[in-house]
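Worksheet: the structure to be examined is printed underneath.
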Amino acid sequence: TSIYLASCGQDGAAYLWDITENKRIYEYLTKGVSYTNIYCVGDMIYLLGNDKMIRQLSYPEMNLLKTFDVGIQLSNIVISPIKSAVFLSVCDYSRQATITLSNTLTNSLSGVSTNVATTPSIVGNVRVFTYPIGNDFDVYPISSSPIVRMKLSADENFVVTVDETGLLAVFELRDRQDRFQRNNPTITKELLMLDGVWNDDILIYKHELDDRLNSTNELQIKIDELYLHNEYQLKLKDMNTVEKLKEINDKYVQELEQYKINYELLREERSDLEIEYNEKLKIAEEEHQYSLQSIESTSQTQIMELVDNYQQLMRDRDAQANRLEDQRRQLVQSHEQYVTELIADFERKLEEESSIRLQLDEQCVEVNKEIDELQTQLEDDVDTEIEAVRRTYEEKLTQSREMILKYKGENGINKKKYLAIQREIEDQKEEIKT
């Protein structure tokens, strides 16, 4: 008959070994996961990893069947098929919470009978799930340190846990109907924790205590030796410090005397330099005052000349403006007179033409009979004569309009010349001001 051994490691590998033949028969590998515990029950293998997952594998092929996300770091797992319970120890340092605990298991199992309401940390707790693993669980506080080992007794009536501080805790598993009765009367009463009293002492070996006392004595001797050595070194340092202070004091006294002599020399030199620079400053002020007066007189003369030039330019500008205004006025008057004469001439001519036309109309009335008689014969000649007369008068009217437009153009040119002269005068004013 073969004997099998299941193992797991932090490299993410779980193996199933055949001890009788000393060989590895199956393996299950997961990258990036560090496994902390493996447990075999029936035809199932359960794996705990640092990814907060429980993996259910087939036995012995080690094929992955299911995964359970518990959301917390677990360190150990034990399963009681008889009690239909799965015990998981918590070792997640990152989770701090207040958890309300229950006193009964979901499958009618009872653990510690002490009435514990809350715990400030979930490190060192045990979670109890139903078997097969479901979603509901109960939490039982064991200690404030992570649980490093957890085992189930052979008869599946007791769970034993050990934490990092050496605390050993034994819990009895009982059904709800046997809550106040012992299943096995042969088990001693001292293993039960029905009264809920916890022991504050931690058991250690005597040789560990002796080693600790010996190391304490050796350290005390070393401390005394170091104390004497430090006292001697401090005295030597005090003597050296006094000698160095005396040397430094003498050195700085000599330097101070030398600095005093240098200070006196520098003060005398400063007095001489002050006298010399005062004389130079007085001469420079006199020269500056003389040059300032010369510059003021020269500037005053230049200002007077500029004022005279400005006044002369203003007079020239006014004279030029008056001359241009007279020329403009004369041009306007001459233009208006010409326009008036032209209009009068055309009106006179128009009256003459009107009178002539009246005369012609009278003649036309007089010779109407003759015209009627000769109308058929002379119609073309009369129309031609009328058209010639009309063209003659239209040409005269056109010539008159052209003359008027010509005079208007000359007037516009004169206005532009006047505006250009005005702008030149303004520019000269600006130049004079600047």
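Suppose we keep only residues that are within 16 Å of residue 58 (Cβ to Cβ) and among the small types (Gly, Ala, Ser) within region 1-19. Which one would you say is least open to solvent (accessible area, probe 1.4 Å)?
Across region 1-19, the extreme among qualifying residues is 14.
Per-residue answers, yes or no, for (1) open to solvent by 100 Å² or more (accessible area, probe 1.4 Å); (2) in contact (Cβ under 8 Å) with a residue 60 or more places away in the chain; (3) polar (S, T, N, Q):
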position: 242; (1), (2), (3): no, no, no
position: 249; (1), (2), (3): no, no, yes
position: 255; (1), (2), (3): no, no, no
position: 259; (1), (2), (3): yes, no, no
position: 273; (1), (2), (3): no, no, no
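Checking the conditions here, which among 360, 306 is modelled with pLDDT under 85, part of a helix (DSSP H, G or I) and not aromatic (Phe, Trp, Tyr)?
360
Could you look through region 28-48, keep only residues that are open to solvent by 90 Å² or more (accessible area, probe 1.4 Å) and over 23 Å from residue 81 (Cα atoms), and pick out the one that is nearest to the chain's Cα centre (by Cα)?
31
Return the residue satisfying two criteria in turn: it lies in region 377-406 and is surrounded by 12 or more Cβ atoms within 10 Å (Cβ to Cβ) and not hydrophobic (A, V, I, L, M, F, W, C), and of such residues it is nearest to residue 364 (Cα to Cα).
Across region 377-406, the extreme among qualifying residues is 393.
Look at residue 277 and say whether it is part of a helix (DSSP H, G or I), within 60 Å of the chain's Cα centre (by Cα), surrounded by 10 or more Cβ atoms within 10 Å (Cβ to Cβ) and of a type in the set (Phe, Trp, Tyr).
Here the answer is no, as residue 277 does not meet what is asked.
Write out, first by first residue and then by second, each pair whose Cβ atoms fall under 6 Å of each other, whose residues are 6+ apart or on separate chains, and whose first residue, in region 334-361, is without any contact (Cβ under 8 Å) to a residue 60 or more places away in the chain while the second is hydroxyl-bearing (Ser, Thr, Tyr) and part of a helix (DSSP H, G or I).
Cβ pairs passing all conditions: 346/400.
What is the number of the single condition among (1) surrounded by fewer than 18 Cβ atoms within 10 Å (Cβ to Cβ); (2) among the β-branched types (Val, Ile, Thr); (3) within 27 Å of residue 162 (Cα to Cα); (4) more than 48 Å from the chain's Cα centre (by Cα) that residue 72 does not meet?
So the condition that residue 72 fails would be (4).
Just the residues that are within 17 Å of residue 414 (Cα to Cα) and loosely packed, with under 13 Cβ neighbours inside 10 Å, please, taken from region 335-356.
Hits for region 335-356 are 336, 337.
The values are calculated or read from the model by the stated rules, or taken from the named source; none is laboratory data. On a predicted model such as this, the values are computed, not experimentally measured, just so you know. Positions of Cβ are generated from backbone atoms using ideal geometry, with glycine treated the same way; all protein chains shown enter the neighbour counts. Just so you know, the surface numbers come from the protein's heavy atoms only, side chains and all, with ligands and any DNA or RNA stripped out. Shrake-Rupley method; radii C 1.70, N 1.55, O 1.52, S 1.80 Å.
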